[in-house]
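Please read the structure below before turning to the comments.
Just so you know, all these numbers are worked out from the coordinates, no wet-lab data involved. Bear in mind that the values here come from a model prediction, so they are computed numbers and not experimental data. As a convention, Cβ positions derive from the backbone with ideal geometry for all residues, glycine included, and neighbour counts pool all protein chains shown.
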Amino acid sequence: MASFTDTQSATLSNDEILRYSRHLIMPEVGMDGQLKLKQAKVLCIGAGGLGSPLALYLAAAGVGTLGIVDFDVVDYTNLQRQVIHGTNDVGRKKLDSAADTLSEINPNVEVRKFDTRLSSANALELFREFDIIVDGTDNFPTRYLVNDACVLSGKPNVYGSIFRFEGQASVFATTDGPCYRCLYPEPPPPGLVPSCAEGGVLGILPGLLGIIQATETIKLILGSGEPLIGRLLLVDALAMRFRELKLRKNLDCPVCGSHPTVTALIDYNQFCGIRGEEARPTNAGIPEIQPEELKRRLVAGEDIYILDVREPHEYQICNIGGHLIPLGDLPKRVSELDSSREIVVHCKMGGRSAKAVEFLRQSGFSRASNLAGGILAWSDKVDPSLPKY
Amino acid sequence: MGIKILIPTPLRPYTGKQSTADVAGQTVGEALSNLVTQHPDLRRHLLDEDGKLRPFVNVYLNDDDIRYLDKEATPAKDTDTITIVPSVAGGMTAFACRIS
């Protein structure tokens, strides 16, 4: 990777002038603005849904140095929205895939790759050499980590988050503006069911929010327009409505307030109440049956009732003929079940069904057990013709 | 009609998929209380055992955070809109798929 000397970033080559001509002919950018972009150093946390459009457009715009932090590998299911990666990149490190795409779009950009999981041990060091941090992550502990590290380093945090077809965007951690903790002082409680149904997201949504983040980043670099400081933008893509709520700096904020109590990075997993990996709740104590075992017993003619606790639209994708009662409806519909029969409960991966079995056992269904690994494991081990999703 | 309450996506499973609700109330607290009466499944997600708003949920009256007004005692009128703003982070939200 070329390293850029001060002289080089203080001017634009003829090649760059031609490349950025549509910026240069606008007084709002001009040569001065383009040079600011060239001299800017932006760190993108995540090269996934939000990170894809963000990094693509920042590179196209001529941001001189783009750092990318991502330890993940491109998965087939990413391609529906993570447009910086292509079909041939499946299995590659996202960092390498992203860096290749960015170099192709704009070889003038210095891409710095950080193949690591952002943590309290490395965040401050990482942030040091950058001017602006853009948060494109997908979990609460990292949100709080990035926020706190931005406040402690004095770097603005361009925030974007998405859920299904709605998103939020703002600019946190500027000197006079609020930080993420001013808005959400407390993280939500742990023990979230990894709800596969709720994990769906409209492919375009991170595109929409990622571009908003790129826009805010460019505005901060140029010092123009009105950035989303003290403003929370709420985007509803289905209704195509954009709303704005006022955000205030909380003077008692433990990180950015007038008497901060958080002066160093903490253990964010502990803060969010998560032990170890933020993952599925433990299925300890829930009786389980392996797919092969269930298959064997069904073929032998045993009387086993299969209960599917997924959602109707999942049942349409694939099913093993189970009786469908979505998890949320189970308490009201439990009378449809016969507690004298053996019941095997399944969902997509085993998380929701474990909750269902726990509930059923507590309600007197002593012969209820969980299909380990759900219908995905059934597809893997028993019937590969069943599609995975 | 009444005070309009905007229901965020993660909470819509508990309001029969409705994205808005119309409730009566003189204050934000009353409006929320009437909301959870209308949609009982919503109660434990929004309020704790003492009936107080859960700390990871923000509530706005029009475009102001009620923490900076009078919290649940903030007066509300029929032309107002209350927005519930949960924290979200990718596929995770504050409102888990729980069963009662």
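Based on DSSP loop calls and a cut-off of at most 11 other Cβ atoms within 10 Å, the longest stretch of chain A free of exposed GluC sites (Glu not before Pro) is what?
Counting only loop sites that pass the neighbour cut-off, the longest clear stretch is A:130-276.
Where the Cα atoms of region A:272-389 are projected onto their three principal axes, how long is each span, largest first, in whole Å?
Principal-axis extents of the Cα atoms in region A:272-389, largest first: 46, 33, 27 Å.
Convert each backbone phi in region A:123-135 into a coupling constant with the Karplus relation 6.51 cos²θ - 1.76 cosθ + 1.60 (shift: θ = phi - 60°), then list the ³J(HN,Hα) values in order as whole Hz, x for Gly and Pro.
4, 4, 4, 4, 6, 3, 8, 10, 9, 9, 10, 10, 9
With Cβ to Cβ distances under 13 Å as the rule, what net charge do the other residues near residue B:26 carry (K, R +1; D, E -1)? Provide the component values of the computation, followed by the final result.
Working: positive: B:77; negative: B:30, B:70, B:72, B:78, B:80.
Charge balance near residue B:26 sits at -4.
Please sort by residue number the GluC sites (Glu not before Pro) in region B:1-83 whose DSSP state is loop and whose Cβ has at most 11 other Cβ atoms within 10 Å.
B:49
Return the percentage of antiparallel bridges among DSSP beta bridges fully within the protein assembly as shown, rounded to the nearest 5 %.
50
With point charges of +1 on the Cβ of Lys and Arg and -1 on the Cβ of Asp and Glu, referenced to the Cα centre of chain A, which listed residue (A:239, A:132, A:320) lies farthest in the positive direction of the dipole?
A:239
Using only the alpha carbon atoms of region A:3-138, find the Kirkwood hydrodynamic radius as the inverse mean reciprocal pair distance, in angstroms to one decimal.
15.4
How large are Rg and Dmax for chain A when only the alpha carbon atoms are used, in Å?
Final numbers for Rg and Dmax: 24.6, 81 Å.
Please report the Cα spread of region B:7-66 along all three principal axes, rounded to whole Å, starting with the longest.
Result, largest extent first: 26, 24, 20 Å.
For residue A:370, enumerate residues with amide H under 5 Å from its amide H, sequence gap 5+ or separate chain, H modeled in the peptide plane.
For residue A:370, whose amide H was placed from the backbone, the distant partners under 5 Å are A:288, A:289, A:345.
Just want the answer: with Cβ charges of +1 for Lys and Arg and -1 for Asp and Glu, which residue in A:119, A:78, A:109 is farthest toward the dipole's positive end in region A:63-121?
A:119
Using 26 Å as the Cα-Cα cut-off, could you pick out the over-long pairs in A:249/B:71; A:332/B:4; A:93/A:295; A:355/B:4; A:355/B:17; A:36/A:155?
Numbers: A:249/B:71 17 Å; A:332/B:4 29 Å; A:93/A:295 37 Å; A:355/B:4 34 Å; A:355/B:17 23 Å; A:36/A:155 16 Å.
In this structure, A:332/B:4; A:93/A:295; A:355/B:4 exceed 26 Å between Cα atoms.
Just checking the output field for A:239-246: average partner chain Cβ neighbours within 10 Å of each residue's Cβ?
Values: counts 1, 0, 1, 0, 5, 1, 8, 6.
The mean count of partner-chain Cβ atoms within 10 Å per residue comes to 3.
Can you work out the Karplus-derived ³J(HN,Hα) for every residue in region A:65-82? Use 6.51 cos²θ - 1.76 cosθ + 1.60 with θ = phi - 60°, whole Hz, and x for glycine or proline.
10, 10, x, 10, 10, 6, 10, 8, 10, 5, 10, 4, 6, 6, 5, 5, 8, 8
Treating only the Cβ of Lys, Arg, Asp and Glu as charged (+1, +1, -1, -1), what charge dipole size does chain A show about its Cα centre? Round to the nearest 20 debye.
Using Cβ point charges on Lys, Arg, Asp and Glu, chain A gives about 440 debye.
Out of residues 5 or more away from residue B:7 or on other chains, whose amide H comes under 5 Å of its own, with H placed 1.01 Å from N in the peptide plane?
B:20, B:21
Using amide H atoms built in the peptide plane, which far-off residues or other-chain residues are under 5 Å from residue A:112 H to H?
Under 5 Å from the amide H of residue A:112: A:66, A:67, A:68.
Summing Lys, Arg as +1 and Asp, Glu as -1, what charge do residues with Cβ under 12 Å from the Cβ of residue A:23 carry, residue A:23 excluded?
Taking every Cβ under 12 Å from that of residue A:23, the sum is +1.
Which Cα, out of B:13, B:37, B:27, lies furthest along the positive dipole direction of chain B (beta carbon charges, K/R +1, D/E -1)?
Result: B:13.
Post the alpha-carbon centroid distance, region A:53-89 to region A:205-253, in whole angstrom.
What the calculation gives is 21 Å, centre to centre.
Could you derive backbone 3J(HN,Hα) for region A:336-350 from the dihedral phi with the Karplus parameters 6.51, -1.76 and 1.60 (θ = phi - 60°), listing whole Hz in sequence and x where the residue is Gly or Pro?
6, 9, 10, 6, 7, 8, 7, 10, 10, 9, 9, 9, 6, 10, x
Let me spell out the model: positive unit charges on the Cβ of Lys and Arg, negative unit charges on the Cβ of Asp and Glu, origin at the Cα centre of region A:1-158. What dipole size does that give, in debye rounded to 20?
120
Treat every Asp and Glu Cβ in region A:80-173 as -1 and every Lys and Arg Cβ as +1, leave all other atoms uncharged, and give the resulting dipole magnitude about the Cα centre to the nearest 20 debye. Write down the numbers at each step before the final one.
Values: 11 positive and 13 negative charges, 45 e Å.
That gives a dipole near 220 debye.
What list do you get for A:338, B:22, A:308 if you sort them by fewest beta carbons within 10 Å?
A:338, B:22, A:308
Kirkwood Rh over alpha-carbon pairs of region A:59-192, then Stokes-Einstein at 25 °C and 0.890 mPa s: what D in µm² s⁻¹, rounded to an integer? Write out the running numbers ahead of the final one.
Numbers: Rh = 16.2 Å.
The calculation lands on 152 µm²/s.
Any idea how far apart residue A:339 and residue A:129 come out in nm if each label point goes 7 Å out from Cα toward Cβ?
For the pair residue A:339/residue A:129, the computed spacing is 6.5 nm.
In Å and from the alpha-carbon atoms only, list the Rg and Dmax of region A:78-139.
According to the Cα coordinates of region A:78-139, Rg and Dmax are 13.3, 35 Å.
If you wrap a convex hull around the alpha carbons of region A:293-356, what volume per residue comes out, as a whole number of Å³?
91
What is the local net charge at residue A:236, summed over the other residues whose Cβ is closer than 10 Å to its Cβ (Lys, Arg +1; Asp, Glu -1)?
My count for the surroundings of residue A:236 gives +1.
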